[in-house]
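The values are calculated or read from the model by the stated rules, or taken from the named source; none is laboratory data. Not measured: the values here are computed from a predicted model. With ideal geometry, Cβ positions are generated from the backbone for all residues, glycine too; neighbour counts draw on all protein chains shown. Only protein heavy atoms, including side chains, enter the accessible area calculation; ligands, DNA and RNA are left aside. Shrake-Rupley method; radii C 1.70, N 1.55, O 1.52, S 1.80 Å.
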Amino acid sequence: MTWSEMRPLLEQACWDTLYMVGWSTVIAVVGGLPLGILLVLTDRGGLLRNVLANKVIGQIVNVARSMPFIILMVALMGFTRWVTGSTIGREAAIVPLAIGAIPFFARLVETAVREVDGGLVEAVQSMGGNTWTVVRKVLVPESLPSLIASTTTTVVALIGYSAMAGTVGAGGLGDIAIRYGYQRFETELMWITVAILAVVISVIQFAGDYAARSLHRRGTSGPAPRLRLLKASTAAGKTV
């Protein structure tokens, strides 16, 4: 196969992969962010402490995370057909990709939010802040660099999932690698596809790491330092 024949295939495959991963990431963040925060808030010592709700949510997340993606795609075929009208194609692949990524991202969010200094939460509460204020003013801003890193990890994982989705007719670079590189013995095309995936993942990882570092540096001039000062003054007052 010549380059002139490969090029349109690769261009369409790249667009299909970015389309699937992009929409899946948006849905995963929208669904996983509140779920991860809720896991923290409902845990022991959380602002919305509810042990039963926490265990139920945590178990659902654990079961969803433990399911291999290829099995998840098969299990969700009926739901995917109901949502998109088909079980093949890039739109259909978004459904299992997003559903598989939501619990994955939720656990990463939970880990990031747990790292926030509890004293900052107490400082906001001492000023009369409610749960929503704590989430909006402390938990999300303080954990934002970690949340960006978590999003980057999720995107990289989704690229791998999208390649697996390509084996069942979802399109994208995985479909090209299997259909042409493996089944038609176009080894050169398969290795080009692997190289493109490696470059895309490297670029996304670099961009995510850079954004996380930049946000971490900017955090020294945001509202968090003022909250830390309030926390220190409150602690000093209690000592006196």
Original post:
Given the structure, is Leu10 in contact with a helix residue (DSSP H, G or I) (Cβ under 6 Å, 6 or more places away or on another chain) and within 30 Å of Gly208 (Cα to Cα)?
Top reply: no
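Before we move on, is Leu189 closer than 21 Å to Phe104 by Cα and of a type in the set (A, V, I, L, M, F, W, C)?
It is false that Leu189 is closer than 21 Å to Phe104 by Cα and of a type in the set (A, V, I, L, M, F, W, C).
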Subject >> Matching residues in segment 160-179 - criterion: being buried (at least 22 other Cβ atoms within 10 Å of the Cβ) and either in a helix (DSSP H, G or I) or aliphatic (A, V, I, L, M) (or both) >> reply: Tyr161, Ser162, Ala165, Gly166, Ala170, Leu173, Gly174, Asp175, Ile176, Ala177
**OP:** List the helices (runs of 4 or more DSSP H) that sit entirely inside segment 1-108 and contain at least 1 residues that are crowded, with 21+ Cβ neighbours inside 10 Å and either touching a strand residue (DSSP E or B) at 6+ places or on another chain (Cβ under 9 Å) or of a type in the set (S, T, N, Q) (or both).
**Re:** 3-41, 77-84
**OP:** Would you mind stating whether Arg136 is within 30 Å of Gln59 (Cβ to Cβ), of a type in the set (Lys, Arg) and modelled with pLDDT under 90?
**Re:** yes
Original post:
Could you count how many residues in segment 115-135 are loosely packed, with under 12 Cβ neighbours inside 10 Å, under 14 Å from Val40 (Cβ atoms) and over 24 Å from the mean Cα position of the chain (by Cα)?
Top reply: 1
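Please pick out the residue among Met77, Met73 that is in contact (Cβ under 8 Å) with a residue 40 or more places away in the chain and within 30 Å of Gly166 (Cβ to Cβ).
Criteria check complete, one pass: Met73.
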Subject >> Any hit, segment 17-33, residues being in contact with a Lys or Arg (Cβ under 9 Å, 6 or more places away or on another chain), polar (S, T, N, Q) and within 15 Å of Ala163 (Cα to Cα) >> reply: yes
**OP:** Check whether at least one residue in segment 88-95 is farther than 29 Å from Tyr19 by Cα, touching a residue at least 12 places away in the same chain (Cβ under 8 Å) and out of contact with any Ser or Thr (no Cβ under 8 Å at 6 or more places or on another chain), and report yes or no.
**Re:** no
Original post:
What is the residue count in segment 180-198 for residues that are more than 19 Å from Pro8 (Cβ to Cβ), open to solvent by 90 Å² or more (accessible area, probe 1.4 Å) and either in a helix (DSSP H, G or I) or of a type in the set (Asp, Glu) (or both)?
Top reply: 1
Original post:
Are there any pairs, at least 6 apart or on different chains, whose C-beta atoms fall under 6 Å, with the first in segment 32-48 and closer than 20 Å to Leu147 by Cα and the second open to solvent by 50 Å² or more (accessible area, probe 1.4 Å) and of a type in the set (S, T, N, Q), and if so, which?
Top reply: Thr42/Asn50
